[in-house]
Amino acid sequence: MKIAIITDIHEDIISLIEALRKIDKYRCDEIVCLGDISGYSIPYYTYLQSRNAHECLALIKSNCKTVVLGNHDIHAGSIIPENNSFFDFPKNWYQLDYHHKRKLANNSIWLHEENDLNPLYTEEDTVYLKSLPEFAVHNSSELNILFSHYIYPNISGIKKEFHTYPDEFRDHFRFMEAKECKISFSGHSHIKGFYTVDKNKYKQYGYKSLELKTEPICYGLPPITNQQKRSGFCILDLNNRIVHIKRL
């Protein structure tokens, strides 16, 4: 079985179309999207004229069997996240003004209205976003795999943090164990290439292939968005036990 994994599109329709075209050549059994379909942030992206969240979402819906929420999708869909032990969202969070939110957040979570343009979603788009889970588990007889936008308990990436030390993944490994998963894939960090984390070591790589390990391990994947030439995607070949990270 082959699974293609994409993440962090950020309304970049041109890069998404190109990624799906390249993925098609690998004859994958399914495609998984790890979120942040929306989220065009003014300070970070330069494809203002071609951005199209609506068309990106349509392609994801028609091509991806599994889709999980990213932090920008949560904002775009006005969703109160379930995995939010680190911040108590008021039920009327999306009715509050920005200054009230900023005071409550105390710089602990992302306030995407500061930088994100309106994704111009239809009502149907928003309903679809609200139907998505914050993580998913791929079950098989040999290997269970956890898919999420980021690392538990910040599984959708709404908290302002990025991890680079194994100890920081401790709760995530416990979450994997609770879900009976040996392997985890996430996005969010917009890494150039990818990283792996086991219980002892964090290591960063370029765009290459690695043997799929059987002990608990997390893989952090590159984004689809054309940002600072970091674009890439993953082909997970379960038959041959190889993780391929491809440059877009």
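Taken together, the values in this text are just the output of simple stated rules run on the coordinates, not laboratory data. Keep in mind it's a predicted model, so treat the numbers as computed, not measured. Note that each Cβ is placed from the backbone with ideal geometry, even for glycine, and that neighbours are counted across all protein chains shown.
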Item to complete: Treat the count of other C-beta atoms within 10 Å as a stand-in for reagent exposure and order Tyr219, Tyr195, Tyr94 from fewest to most.
Response: Tyr94, Tyr195, Tyr219
Practice prompt. Provide the three semi-axes, in whole Å and in decreasing order, of the ellipsoid equivalent to the chain as defined by the square roots of 5 times the Cα gyration tensor eigenvalues.
Written response: 27, 22, 16
Response to the item:
For region 8-95, Rg(Cα) over 2.2 N^0.38 Å is 1.23
Discussion item. Which of Phe87, Phe147, Phe135 ends up with the largest GNM mean-square fluctuation for the chain, with Cα atoms connected below 10 Å?
Written reply: Phe87
Worksheet item: For region 73-183, what class follows from the C-alpha gyration tensor (a ≥ b ≥ c being the square roots of its eigenvalues): rounded when a/c is under 1.5, otherwise prolate if a/b is larger than b/c, else oblate?
Response: oblate
